[in-house]
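Quick note: the coordinates plus some simple rules give every number you see, no bench work behind them. All of these numbers come straight from a predicted model, not from anything done at the bench. A quick note on method: Cβ atoms are made from the backbone with ideal geometry, for glycine too, and the neighbour counts reach across all protein chains shown.
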Amino acid sequence: MTEGRPSAASTASLWERDAEIATVARALDVLCADRSSAGGVLVLCGEAGLGKTALLTETRRIAERRGCAVWSARGAETLRSVPFNVVRQLLQPALLSLLPEEAREYLGDSYDIAGPALGIADPRDDSPDPQYVVDGLVEAVCGLARREWPLVLLVDDAHWADQETLRWLAAFTARLADLPVLVVVARRPGEAGGESARHLEAVAAVAGRPATTLSALTPDATAGLTRATVGRHADDAFCREVWAVTAGNPYDTVELLAKVRDRELQPVEARAGELRALNRTARGGDWSTGSRASAWSPRGSPGRPPSWAPTSPSTWSPASPP
Ligand SMILES: Nc1ncnc2c1ncn2[C@@H]1O[C@H](COP(=O)(O)OP(=O)(O)O)[C@@H](O)[C@H]1O
Ligand SMILES: [Mg+2]
């Protein structure tokens, strides 16, 4: 059997991610054990294309199968400067389910201060101290979270989240010792700087364990994925060249194999020399400038909305990527 084959229990077809999925499952065991359980944080770290979003999707699937509520949001490079954009996305399912009077009741004293940041109350005449807003939002989300147990929050591309959200995330995760919420954060290493990096470090410190760092696929797993995609007859030399060309990056591998299929390229040694040129066309963007990443920004995220405007009700979900 090829090493790293996706386990039969997984619908995600993720190769060599059993250890990561087991880590998620253990964290969900703790969360779901008891309403008085402590919450927790998991950080998934990896370069573009290594499978962070795919793992979050799998996390959502497992969590929902266990009866958890799952709220998700993702940072976007073009919306980094929109205060509280990501936290607003995250809370949308909860906020949309509440009548205005209920929102007042659940947010309690935090309503006046957190409501404008969440887009559910008119902006105040004064401009409150951002720390005051963050504190109000922490209380508000603690209140909402208590009624939703077991609750899982997924934050994808946290390196692109707005700074105010990251400040909130650091303060909120510091409260998880007595709040049963599992927060899963996916991020690229080294992309965030300054204050944002400091907040992400604080979140990682709450996790109390090293980030789960995603690795590229091995040659064996790449061969397995190649054969699962283009046919069992793909020979060893061809599979090896797929790995050599993509360095085991799952995104590159999936894209390259789609091209192999489209072009009906025979997966044999004699045609392996064509993979390198095919890979260049498969990438469809220049990694270094992040043009591929911008193609993945949230659905309908063209410009910059007004800073306190509510985001569209169609929240991003890792189960249904844009
Ligand atoms: N372990 C894996 N095995 C097979 N395919 C994978 C794996 N991880 C990711 N993929 C595929 O690779 C592509 C990129 O994954 P994605 O999760 O979007 O990466 P990231 O979010 O880290 O940029 C997706 O098509 C995904 O389904
Ligand atoms: Mg992603």
**Report entry** Nitroxide proxy distance, nm - points 7 Å out along Cα→Cβ at D126 and S36
**Finding:** 4.0 nm
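Which FRET efficiency value, to the nearest 0.05, is calculated for H233 and E64 with the Förster distance at 45 angstrom and r the Cβ-Cβ distance?
Values: r = 37 Å, r/R0 = 0.83.
Computed FRET efficiency for H233 and E64 comes out at 0.75.
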Query raised in the report: Could you give the nm distance between label points at V268 and T78, where each point is 7 Å from its Cα heading toward the beta carbon?
Result: 4.6 nm
Report task. Return a whole-number percent for the relative contact order of the stretch 18-213, with Cα pairs under 8 Å and 6 or more residues apart as the contact set. Result -> 37 percent
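How much length is gained on full extension from E201 to R146, taking 0.36 nm per residue of separation minus their Cα-Cα distance? Present the calculation step by step, with values, prior to reporting the outcome.
On the way: separation 55, 0.36 × 55 = 19.80 nm, distance 2.56 nm.
Gain in length upon complete extension: 17.2 nm.
Taking 0.36 nm per intervening residue step and subtracting the Cα-Cα distance, what contour gain separates E101 from R261 on full extension? Mind showing how you got there, number by number?
Details: separation 160, 0.36 × 160 = 57.60 nm, distance 5.52 nm.
Value of the extension gain: 52.1 nm.
Starting from the alpha-carbon convex hull of the stretch 18-213, give the projected area averaged over all orientations, in nm².
Values: hull surface 42.2 nm².
One quarter of the hull surface, i.e. the mean projection, equals 10.5 nm².
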Query raised in the report: For the peptides 224-233, 148-157, what is the packing order when you average, over each peptide's residues, the other Cβ atoms within 10 Å and list the highest mean first?
Result: 148-157, 224-233
